[in-house]
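Student: Handing you a structure now.
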Amino acid sequence: PKGDFTFLNRYLYPSYVIVAIFIAFGAHWLSEKLSRRFYRVIFQIALVIGLVSIFKTHLIYNNLHHNYMVSDLSNNILQTVDKNSILIVEGDAITGPLWYFQSVGTRNDVIVVDANLITLDWYIKNMSKLYPEVIDVKLADIYGSSREAHKEKRLLALINRNLAKRNIYLAINLS
């Protein structure tokens, strides 16, 4: 299921945009080819009614205005960790909302570390500038034989460095 959303966003969405552009050009071409102005106006009205109908139908289904699952989860995670803790999370779906809440002033004392991003040297360098007492820039010198080994070695080094000083919470998939 997780891969389904990745596939949808990375591959299908751009193709939908491209098809929509071609449909728009096709509709314009067809509108120009219709010989009488009356037929052209009828075609354009039918096209607008069809698009509005599709939009209205899908808006009702896709409107997530009152869906608070992401904000509730993020808020619950931040409210349950101790003061001045390190929270290691994994993936954009959790990291992004946590960073958002912190950007608006909720629990700035908690250091949120993304387990996937810790494999990237630029992330280590930026985090070591923000939190030099927690993340050492030398963490970027630790490498593994694969991406997962890379992540595991860096996370263990981060945890070992801070275990005696701070509470560390994990919200990652350990399977």
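Student: When all protein chains stay in place, what accessible area (Å², nearest 10, 1.4 Å probe) is found for ILE124?
Tutor: Answer for ILE124: close to 0 Å² accessible.
Student: Taking just the alpha carbons, could you work out the radius of gyration and Dmax for the range 17-79, both in angstroms?
Tutor: When restricted to the Cα atoms of the range 17-79, Rg and Dmax are 20.1, 66 Å.
Student: With a probe of 1.4 Å, find how much accessible area the chain has per residue, and write the answer as a whole number in Å².
Tutor: 72 Å²
Student: In the chain, which helices (entire DSSP H runs) extend 24 Å or more along their own long axis, judged by Cα positions, while averaging at least 1.0 on the Kyte-Doolittle scale?
Tutor: The answer, listed by residue number, is 37-62.
Student: What's the carbon and sulfur percent of the chain's accessible surface, probe 1.4 angstrom, rounded to a whole number?
Tutor: 64 percent
Student: Still on this structure, please answer the following. Let a ≥ b ≥ c be the square roots of the eigenvalues of the Cα gyration tensor of the range 128-172; is it rounded (a/c under 1.5), or, if not, prolate (a/b larger than b/c) or oblate?
Tutor: oblate
Student: Compute a Gaussian network model of the chain, connecting alpha carbons closer than 10 Å, and tell me which residue from ALA115, ALA27, ALA140 fluctuates the most.
Tutor: Judging by the Gaussian network model, the answer is ALA27.
Student: Tell me the Kirkwood radius of the chain: reciprocal of the mean inverse pair distance over distinct alpha-carbon atoms, in Å.
Tutor: Averaging 1/r across every pair of different Cα atoms and inverting gives 20.3 Å.
Student: Simple spin-label model, 7 Å along Cα-to-Cβ: LYS33 to TRP122 in nm?
Tutor: 4.7 nm
Student: How far apart, in nm, are two points set 7 Å out from the Cα along the Cα-to-Cβ line at LEU170 and at ARG147?
Tutor: 2.0 nm
The values are calculated or read from the model by the stated rules, or taken from the named source; none is laboratory data. The structure presented is a predicted model; accordingly, all values stated were derived computationally and were not measured. Cβ: placed from backbone, ideal geometry, glycine included. Neighbour counts: every protein chain shown. Calculation scope for accessible area: heavy atoms of the full protein, side chains included, ligands and nucleic acids excluded. Shrake-Rupley method; radii C 1.70, N 1.55, O 1.52, S 1.80 Å.
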